[in-house]
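Student: The structure is given below, and queries will be raised subsequently.
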Amino acid sequence: MKILAIESSCDETSASVVNTVDGGIAVDSNITATSLALHATTGGIIPENAAREQAKYILPTIIKSLTYSETNEKSEIIWSKAKTILENDINAIAVTVGPGLIGSLLVGVETAKTLAYAFGKPIIPVNHLLAHVYANYINRKINDIKFPYIGLIVSGGHTDLLIFYDHKNYKWLGGTRDDAAGEALDKTGRLLDLSYPAGPEIEKRASLVQATDIRFKSPLFNEKTFDFSFSGLKAEVARFVKKQKAIDTNTKSEICYAIQKAIVDVLVKKTISAANENNAKMVLVGGGVSANQTFKKRLGDEALQYGISILFPELKYATDNAAMVGAYALLNGTTSSWQEVKANPELYFL
Ligand code: KG4
Ligand code: ZN
């Protein structure tokens with residue numbers, strides 16, 4: 001089974017060809033164009049700009065993904081070649097239908113529908129959040145991942161904990177009541193004049209600090225819930241910053257350390273509790289914040305004490321990409337006809 005997968009829910013335009021090989025999921029190609037640099041100039045994403053960029057990149061990205069070969073990484077944009085591959089080699093087209101920005105989603109969904117119609121291929125609608133969890137199946141043996149496992153999605157838009165009993169059955173355990181973990185990093189970073197997205201720079205600055213007296217609260221840390229809340233952290237950091245006469249480089253780094261600690265502490269605590277309370281021996285983490293090495297280490301160290309294995313996706317599959325959409329479609333996808341598929345920006349969990 002070979003799938004062409006398309007992802008366009010936010011500011012990445014991505015297309016990928018994935019395949020099941022030898023009990024695992026192999027990625028033949030994963031081509032991603034990003035409009036991140038444009039959003040850095042506005043300090044955040046303006047949805048209209050993101051959608052326009054999606055429209056610009058979608059076809060070249062799809063054509064590149066179909067014609068990509070290891071020996072010709074700079075695959076040229078040749079439609080006739082892509083068309084032959086689509087006709088002969090691709091069994092189905094998978095596409096992210098939500099959640100996300102409506103303008104961005106529509107570009108990927110309508111392109112996928114057009115191709116499915118024109119080439120007579122089935123289409124597989126995919127939930128972007130579940131795809132983040134399934135990024136962990138890429139380049140691993142499928143049977144090495146044991147149910148039940150916990151899925152933790154930590155991205156710029158989402159913070160969610162789920163339990164998966166099998167591919168078809170999962171339950172949402174809790175999620176953020178306001179800002180997502182990545183959003184909290186980006187918003188507090190903005191208070192410190194860091195460039196967007198601030199997650200990577202907060203991590204870099206935090207790594208320069210051994211210890212500090214600066215402390216921010218880890219919201220809902222002691223509450224018996226799998227919900228999160230990060231908007232109070234932004235308010236607390238704003239108050240702290242306002243009180244300072246001037247912020248030198250060292251203080252800025254200490255603030256970054258304290259922000260990262262407040263977020264990581266609560267993510268680690270609730271993820272481990274979710275695994276223990278549900279007898280899950282594995283946790284699959286997904287989303288851009290999973291690139292954070294301190295988080296990775298802290299979660300790994302804590303999990304070791306309870307015999308829980310933590311899986312993180314390879315870095316290139318942690319942030320938005322189409323290969324994860326293809327991975328989900330291969331393992332769990334249900335085919336539809338193009339008439340039934342619709343972009344749904346509010347799509348969440350069943
Ligand atoms: O999954 P993602 O690429 O996009 C979606 O939101 O769907 O996640 C982006 C988020 C941003 O908030 C960014 O600040 C955060 O991931 N991020 C990080 C790191 N790299 C990206 N956060 C902490 N440490 C990092 N190294
Ligand atoms: Zn995402």
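Bear in mind that the values in this text are calculations on the coordinates, not laboratory data. Here the structure is a predicted model, which is why all the values come from computation and not from measurement. Cβ coordinates were reconstructed from backbone atoms using ideal geometry, including for glycine residues, and neighbour counts include every protein chain displayed.
Student: Enumerate the pairs (first residue in the range 205-227 and farther than 22 Å from residue 177 by Cβ; second residue anywhere and among the acidic types (Asp, Glu) and surrounded by 14 or more Cβ atoms within 10 Å (Cβ to Cβ)) with beta-carbon separation below 7 Å, excluding pairs fewer than 6 apart on the same chain, so at least 6 apart or on different chains.
Tutor: Once the first residue is farther than 22 Å from residue 177 by Cβ and sits in the range 205-227, its partners that are among the acidic types (Asp, Glu) and surrounded by 14 or more Cβ atoms within 10 Å (Cβ to Cβ) give 209/254; 212/254; 214/254.
Student: Additional query: For the range 3-26, what are the residues that are β-branched (Val, Ile, Thr) and surrounded by 24 or more Cβ atoms within 10 Å (Cβ to Cβ)?
Tutor: Passing the criteria: 3, 6, 13, 17, 18, 25.
Student: Moving on. Can you say whether residue 280 is in contact (Cβ under 8 Å) with a residue 60 or more places away in the chain, touching a Pro at 6+ places or on another chain (Cβ under 9 Å) and more than 16 Å from ligand 1 (Cβ to nearest atom), as far as the supplied structure shows?
Tutor: Answer is yes for this residue.
Student: Could I ask something else about it? Name the helices (runs of 4 or more DSSP H) wholly inside the range 239-350 in which the number of residues that are in contact with a Gly (Cβ under 7 Å, 6 or more places away or on another chain) is 1 or more.
Tutor: Per the criteria, 315-318.
Student: Looking at (1) assigned to a loop (DSSP other than H, G, I, E, B); (2) surrounded by fewer than 19 Cβ atoms within 10 Å (Cβ to Cβ); (3) within 26 Å of the chain's Cα centre (by Cα), find the lone condition where residue 222 falls short.
Tutor: That leaves (3) as the condition not met.
Student: Something else: Mind checking which residues of the range 280-303 are closer than 22 Å to residue 171 by Cβ, of a type outside the set (D, E, K, R) and away from ligand 2 (no atom under 16 Å from the Cβ)?
Tutor: Across the range 280-303, the qualifying residues are 280, 282, 283, 299, 303.
Student: Mind checking which residues of the range 246-279 are under 21 Å from the mean Cα position of the chain (by Cα), closer than 16 Å to residue 172 by Cα and not β-branched (Val, Ile, Thr)?
Tutor: Result: 267, 270, 274, 275.
Student: Output the residues belonging to the range 283-330 that are more than 22 Å from residue 206 (Cβ to Cβ) and free of Cβ contacts under 8 Å to residues at least 24 places away in the same chain.
Tutor: 304, 305
Student: Follow-up. Within the range 162-185, track down each residue that is closer than 22 Å to residue 234 by Cα and either aliphatic (A, V, I, L, M) or in a strand (DSSP E or B) (or both).
Tutor: 174, 175, 176, 180, 181, 184, 185
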